[in-house]
Amino acid sequence: MTAEDMRTDLLERILAAHKSFYDIRRDYLFEGRTFPAFAEYHTYGEKYVLVKRAKLWEVNTHDFMFFECVDELDEAQLAEEISFMQEKALRKVDAGPNHMSSALSLVIIANHTTEAARKLAKKTRFHKEYRFGFRGWTDLRLAVVDLSLPTGKSVVVNNAGKQLKEVLSSNLALIK
């Protein structure tokens with residue numbers, strides 16, 4: 001299996017794992033860039049007393065997942081990707097009155113990554129609160145998959161992206 005086939009197969013498996021909950025778009029054009037895939041998930045919750053008109057509260061949560069496939073990933077490229085997520089992808093978030101939280105997720109599948117890029121991925125932090133947290137928050141979840149490393153070491157995530165690691169690792173194990 002070629003490196004490109006492995007990237008494509010892994011992306012297909014990840015999208016299949018998310019398709020029952022997420023709306024998935026292929027070749028997604030956003031802010032002048034085309035991503036191989038994009039997935040979004042929205043939930044709504046409310047609490048009321050006796051009748052729906054007596055609403056106590058309502059909340060919305062969102063997850064926006066961008067997928068990128070590259071041959072080589074170095075620290076400078078990853079810094080550009082992170083900057084894109086913090087500045088442009090952040091525009092996806094609508095922090096209205098009922099917004100509770102949004103996750104901006106970036107999954108990069110690479111044939112090879114540098115050690116500096118993996119370190120940067122691990123230490124990346126981004127948390128934005130809206131109106132002192134009264135309108136919720138947004139976190140950046142980052143995952144980098146290096147197909148050249150052994151299975152146990154090939155998925156690197158930041159602190160907010162720990163949820164992604166299990167899905168990515170289990171799907172990666174199936175193709176290696």
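Here are some notes:
- Members of region 125-139 found to be surrounded by fewer than 22 Cβ atoms within 10 Å (Cβ to Cβ), out of contact with any Gly (no Cβ under 8 Å at 6 or more places or on another chain) and not in a loop (DSSP other than H, G, I, E, B), listed by number: HIS127, LYS128, ARG131, PHE132, GLY133, TRP137, ASP139
- Members of region 118-176 that are in contact with a Leu (Cβ under 9 Å, 6 or more places away or on another chain), more than 23 Å from THR2 (Cβ to Cβ) and small (Gly, Ala, Ser): ALA121, ALA160, GLY161
- Among the conditions (1) on the phi > 0 side of the Ramachandran plot; (2) under 18 Å from the mean Cα position of the chain (by Cα); (3) of a type in the set (Lys, Arg), ARG125 misses just one, which is (1).
- Residues in region 115-155 that are modelled with pLDDT of 90 or more and among the aromatic types (Phe, Trp, Tyr): 1 in all.
- Scan region 95-118 for residues that are among the charged types (D, E, K, R) and in contact (Cβ under 8 Å) with a residue 12 or more places away in the chain and the total you get is 1.
- Residues satisfying the stated conditions in region 149-169, i.e. exposed (fewer than 12 other Cβ atoms within 10 Å of the Cβ) and of a type in the set (Gly, Ala, Ser): GLY152
The values are calculated or read from the model by the stated rules, or taken from the named source; none is laboratory data. Note that the structure is a prediction, hence the values are computed from the model and not measured. As a convention, Cβ positions derive from the backbone with ideal geometry for all residues, glycine included, and neighbour counts pool all protein chains shown.
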